[in-house]
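S.K.: To start, I am sharing the structure in question, which I have written as structure tokens.
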């Protein structure tokens, strides 16, 4: 009898499992592009690794495009569903009559820092403690680098030059050299005097002993780049209208990810950081993550001030002709 009872229990268990599987809808596959695997976009990786997306019915694939531009092109073409990126294409698309929609602010601060060849900095007698205008003016005659022409890393250098009276490509040369893995040796061998990108590349470069920090934007040391729309989740307006529930699930998952980043102890975060941003020593990676925490917004809300600061920056760089009205390109309605 015990054997029959066991078989009956097993059979019932199998039936219940099949019924439960039949009642659970499959996860909706979602593709999201990012420009580079930087800590600015850490909430996406947390959402995948901690299962927040899956809990909300989404199967999210993150695709890095090695610089901003191609990430948003993929969104415009419809080959991906969302982009988490810098705000330049959000605004230039509006200028071109092809509006996109910013629906969540993941990074409320300029998420790019610059580092300089140590010997060059010593020769110029500058450090991160030197007044910013003096630092930037000392770049005259040098070659500096972002990831690619037109990328936000490149625009930051354009903005620095014009903000302090230098003419880009005349007073200093700005070039693109690719991501952090190519920037670090380029600075160390003085092929470029300075490079700019997101964490953890600047921190890793400094730890190697041949570079010094030039800016401290991620730490909020430049008021012009604080409360500044940077890590924005955007979507096509037609997609948002047709898939409002999916869009809300996306923002809900990312808010849960941000809460984890802000609240969870280091021991829980380090395995995700190592998996997502490998190649950086644990202590450097953890220190960079702590610095980046100051840019994440728990509620994800987009403010007019953040939009206006970012658009004013883009006008300054020449990437944008006029500042768009914040309400024309952003909304908080999907954060409910």
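S.K.: Out of (1) part of a loop (DSSP other than H, G, I, E, B); (2) at pLDDT 95 or above, what's the single condition that is false for residue 31?
M.R.: Condition not satisfied by residue 31: (1).
S.K.: Restricting to region 35-46, and then to whatever is touching a strand residue (DSSP E or B) at 6+ places or on another chain (Cβ under 8 Å) and modelled with pLDDT under 95, can you tell me which residue is surrounded by the fewest Cβ atoms within 10 Å (Cβ to Cβ)?
M.R.: 37
S.K.: What is the one condition in (1) farther than 23 Å from residue 152 by Cβ; (2) surrounded by fewer than 16 Cβ atoms within 10 Å (Cβ to Cβ) that residue 63 does not satisfy?
M.R.: Going through the list (1) farther than 23 Å from residue 152 by Cβ; (2) surrounded by fewer than 16 Cβ atoms within 10 Å (Cβ to Cβ), residue 63 breaks only (1).
S.K.: Right, here's the next one. Please verify whether residue 218 is over 30 Å from residue 97 (Cα atoms) and in contact with a strand residue (DSSP E or B) (Cβ under 8 Å, 6 or more places away or on another chain), treating the condition exactly as stated.
M.R.: Yes; evaluated as a whole, the condition is true for this residue.
S.K.: Right, next: Among the residues of region 216-239, write down those that are crowded, with 22+ Cβ neighbours inside 10 Å and closer than 14 Å to residue 302 by Cβ.
M.R.: If the condition is that a residue be crowded, with 22+ Cβ neighbours inside 10 Å and closer than 14 Å to residue 302 by Cβ, then 228, 229, 230, 231, 232, 233, 234, 235 are the ones that fit.
S.K.: Here's something else I'd like to know. Taking region 299-327, which residues are closer than 30 Å to residue 261 by Cβ, out of contact with any strand residue (DSSP E or B) (no Cβ under 8 Å at 6 or more places or on another chain) and surrounded by fewer than 16 Cβ atoms within 10 Å (Cβ to Cβ)?
M.R.: Result: 299, 304, 312, 327.
S.K.: If you don't mind, there's one more thing I want to ask. Test residue 195 against the stated conditions and say whether it is more than 21 Å from residue 88 (Cα to Cα) and surrounded by 19 or more Cβ atoms within 10 Å (Cβ to Cβ).
M.R.: No; evaluated as a whole, the condition is false for this residue.
S.K.: Mind telling me which of the residues 111, 69 ends up being surrounded by fewer than 24 Cβ atoms within 10 Å (Cβ to Cβ), under 18 Å from residue 179 (Cβ atoms) and either under 17 Å from the mean Cα position of the chain (by Cα) or at pLDDT 95 or above (or both)?
M.R.: The match here is 69.
S.K.: Quick one: residue 312 ticks every box in (1) under 20 Å from residue 151 (Cβ atoms); (2) touching a residue at least 12 places away in the same chain (Cβ under 8 Å) except a single one, so which number is it?
M.R.: Of everything listed in (1) under 20 Å from residue 151 (Cβ atoms); (2) touching a residue at least 12 places away in the same chain (Cβ under 8 Å), residue 312 misses just condition (2).
The values are calculated or read from the model by the stated rules, or taken from the named source; none is laboratory data. This is a predicted model, so every value here is computed, not measured. Cβ sites come from the backbone with ideal geometry, for glycine too, and all protein chains shown count toward neighbours.
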